[in-house]
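Following: one structure in structure tokens, then a few remarks.
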Amino acid sequence: MPLSAPHESVEIQLGDRSYPILIGSGLLGDPGSFAALPAATTALIVTNTTVAPLYAQTLRAALANRFRAVHVLELPDGEAYKEWQTLNLVFDALLGHGCDRKTVLFALGGGVVGDMTGFAAASYMRGVPFVQVPTTLLAQVDSSVGGKTAINHPLGKNMIGAFYQPRLVLCDLSTLATLPPRELSAGLAEVIKYGPIHDMAFLDWIEANIDAMVARDPAALAHAVKRSCEIKAEVVGQDERETGLRAILNFGHTFGHAIESGLGYGEWLHGEAVGCGMVMAAQLSQRLGGVDEAFVQRLTALIRRAGLPVVGPALGAERYLELMRVDKKSEAGEIRFVVIDKPGSAVMRGAPDAMVREVLAQCCAKS
Ligand code: NAD
Ligand code: GLY
């Protein structure tokens, strides 16, 4: 049955691991969305206690003709559950239902569900197919695309994981209607990110449309998701395993991950930490000569208009530095930051601790 709902498509080009990102409203309830998936008898929808009542039955009904059995697993909701014991619930369900190596996993939810389900798919029987059905803006513009899967460790964010690509990403824009405003803002952080690192024309567009996106204008959100996915596809297509270029997608994340793990996972949302982290990374970029004060002010104002915090929590400079040394980009204990070397272009590089302390002093609340 072909897909009948109107949609756009962006292709991730990775040879025999290529896959489409379908973007449109009403896609998760349309059986045609799944027409190109490999044949299998069993599907497991992994979701959480918040998303399940909203969308699990719709997805289950859409899959009913294709799979003999469609099981649903509801995980507890929250970044604090992105860890081993919750991941193990997915393996418990797979083994408990007697799922074979053709079983298709469906990640229905935000980035937490997507990252955990992807990691489960990467490791169950050494790899089973999975589909991303992202229901947050953040997951639609970033986390569902590109095959990074992971769980957190108490000593560091996303430290245990694998690169493992989904077979399909289904961005159903209608799910954004139920997203709490704070979560929408968190997603806007990852949309904004693509401007300074890659596409200044997109940054202009975001500035002109930020209020429309905050008000959930469907056309504005549709364009934001599509353009973000195009940029991510371009970057991931060139550097799937982050040997170089892909690191630019982590703009703001070194500071942001320190905020998240320093406060305890879930205190600040990932997107909030990234938004504030981009302010800090922009300040660092200015000190390193890549951008001027006007650029930093422009980006900071946009992040604020998206409803995101622009002042970091008072963790103390030494604690920030300690946390940032655990970042995956660190090499031999040296923290490496994604900085803007000129508007629309980013590079990864180290910076003197003294300079980082100045940035933290300028950007963080006083304790
Ligand atoms: P999330 O998964 O915690 O979802 C946010 C909240 O919204 C949750 O409470 C969730 O239950 C709820 N929710 C989801 N969809 C909803 C809907 N349609 N209506 C109502 N509520 C809904 O958070 P997130 O911001 O989606 O993702 C953050 C995670 O993604 C972090 O763990 C981060 O590390 C990860 N991430 C991964 C990548 C990657 O490349 N793999 C990239 C960026 C972020
Ligand atoms: N969100 C960063 C990446 O996918 O590489």
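The values are calculated or read from the model by the stated rules, or taken from the named source; none is laboratory data. Computed from a predicted structure; not experimentally measured. No Cβ is skipped: glycine too gets one built from the backbone with ideal geometry, and neighbour counts run over all protein chains shown. Surface accessibility is based on the protein's heavy atoms, side chains included, excluding ligands, DNA and RNA. Shrake-Rupley method; radii C 1.70, N 1.55, O 1.52, S 1.80 Å.
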* Scope the range 136-148; condition open to solvent by less than 10 Å² (accessible area, probe 1.4 Å) and polar (S, T, N, Q); matching residues -> Gln140, Ser144
* Among the residues of the range 270-283, is any in contact with a Gly (Cβ under 7 Å, 6 or more places away or on another chain), within 15 Å of ligand 2 (Cβ to nearest atom), more than 24 Å from Tyr81 (Cβ to Cβ) and not aromatic (Phe, Trp, Tyr)? -> yes
* Restricting the range 164-183 to residues that are more than 17 Å from Phe106 (Cβ to Cβ) and of a type in the set (D, E, K, R), the residue that is least open to solvent (accessible area, probe 1.4 Å) -> Glu183
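Could you please let me know if Leu108 is open to solvent by less than 70 Å² (accessible area, probe 1.4 Å), part of a helix (DSSP H, G or I) and touching a residue at least 12 places away in the same chain (Cβ under 8 Å)?
Working: open to solvent by less than 70 Å² (accessible area, probe 1.4 Å): yes; part of a helix (DSSP H, G or I): no; touching a residue at least 12 places away in the same chain (Cβ under 8 Å): yes.
Against the criterion (open to solvent by less than 70 Å² (accessible area, probe 1.4 Å), part of a helix (DSSP H, G or I) and touching a residue at least 12 places away in the same chain (Cβ under 8 Å)), Leu108 does not qualify.
Sort through Gly275, Gly266, Gly161, Gly256 and tell me the only one that's within 16 Å of the chain's Cα centre (by Cα), in contact (Cβ under 8 Å) with a residue 40 or more places away in the chain and open to solvent by less than 10 Å² (accessible area, probe 1.4 Å). Write out each step before concluding.
Working: Gly266 fails: open to solvent by less than 10 Å² (accessible area, probe 1.4 Å); Gly161 fails: open to solvent by less than 10 Å² (accessible area, probe 1.4 Å); Gly256 fails: in contact (Cβ under 8 Å) with a residue 40 or more places away in the chain.
Only one candidate qualifies: Gly275.
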* Would you be able to say whether some residue in the range 76-83 is at pLDDT 95 or above, in a loop (DSSP other than H, G, I, E, B) and within 16 Å of ligand 2 (Cβ to nearest atom)? => yes
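This table checks each residue for (1) surrounded by fewer than 24 Cβ atoms within 10 Å (Cβ to Cβ); (2) more than 23 Å from Thr50 (Cα to Cα); (3) β-branched (Val, Ile, Thr); (4) within 16 Å of ligand 2 (Cβ to nearest atom).
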site	(1), (2), (3), (4)
Val104	no, no, yes, no
Val112	no, no, yes, yes
Ser123	yes, yes, no, no
Gln132	no, no, no, yes
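Taking the conditions exactly as written (assigned to a helix (DSSP H, G or I), within 15 Å of ligand 2 (Cβ to nearest atom) and either modelled with pLDDT of 95 or more or not charged (D, E, K, R) (or both)), does Val90 satisfy them or not?
Working: assigned to a helix (DSSP H, G or I): yes; within 15 Å of ligand 2 (Cβ to nearest atom): no; either modelled with pLDDT of 95 or more or not charged (D, E, K, R) (or both): yes.
The answer is no for Val90.
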